[in-house]
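Structure record follows, encoded as structure tokens.
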Amino acid sequence: MPQRISYVPFDDVDERMQAELVRCAEHGTPRPESSAIRAHSERSFWFFADSWQKIFREGVMDHSLKELCRVYISRTVTCEFCGNQRSETATASGLQEMQYDDLLNFEASDVYTDEQKAALRYAQAIAWGPASVDEDLMWAKLREHFTEEQMVELGCFIGLTFGQQSWIRLLGIEHHQYLAGTAAAMAPGFESEDELVQSKQRDDYWAGASS
């Protein structure tokens, strides 16, 4: 898929924006390519960066739950750019790779806790509408596990990442194309350009034609 919008050259942005692009390269989620697209619009760049900081990296909701919902959205909208990233914070807190593998089958899976399923059910309903879930069960479980403040934060976060990923999948961007040379926040098997190409050719690649 050809790239539809160009990356803004690093030297064409101010020092503050450069610092955020370097942060993306060194710590990821998001990686710098998507941020270099947003850099065409300074307001859009900082809207996303500031919102992401406040309701993904910070906030009252457990970060690992938000990370599972982020990758659930990646898988449900098939945003490969976002789906092949992992939050360093979530990994450090103990979230395991196998917990990403069954996200689209979370209801029947035994690798998720009741709390995680409550959050994922919410993500499914936001992405696909209330008819896609047992709505009474969804709200009952949300209220069992989360405060209303947490539900609002999680809902806003899911809405933000759903919209952004639905847009990013149209752009034709790929990892290791901008400020290349780091493997920060890349999923296992995607840490370099060569590994990325090889992983995408595997029969069990999550976004492959047979998946």
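Couple of notes before you dig in:
- Estimated FRET transfer efficiency when R0 is 30 angstrom, pair R43-L104 (beta carbons, to 0.05): 0.30
- Per residue, the average separation of C-alpha pairs within less than 8 Å and at least 6 apart gives the range 10-190 a relative contact order of 35 percent.
- Reachable aspartates and glutamates from K141, criterion Cα separation under 14 angstrom, eight or more residues apart if same chain: E107, D114, E115
- Taking 1.567 mPa s as the viscosity and 4 °C as the temperature, the Stokes-Einstein diffusion coefficient of the range 10-190 based on its alpha-carbon Kirkwood radius rounds to 77 µm²/s.
- Taking N as its residue count, the alpha carbon Rg of the range 9-55 over 2.2 N^0.38 Å: 1.01
- Per DSSP, loop GluC sites (Glu not before Pro) in the range 68-137 with at most 15 further Cβ within 10 Å: E97
- Computed per residue of the chain from DSSP H runs no shorter than four, each worth -39500 (n - 2.57), the mean residue ellipticity at 222 nm is -16000 deg cm²/dmol.
- Under the convention that each Lys and Arg Cβ holds +1 and each Asp and Glu Cβ holds -1, the size of the dipole of the chain around its Cα centre is about 460 debye.
- Reachable lysines from K54, criterion Cα separation under 19 angstrom, eight or more residues apart if same chain: K66
We did not get these values from a lab; they are worked out from the coordinates using the rules stated. Nothing here was measured: the structure is a model prediction, and the numbers come from that model. A quick note on method: Cβ atoms are made from the backbone with ideal geometry, for glycine too, and the neighbour counts reach across all protein chains shown.
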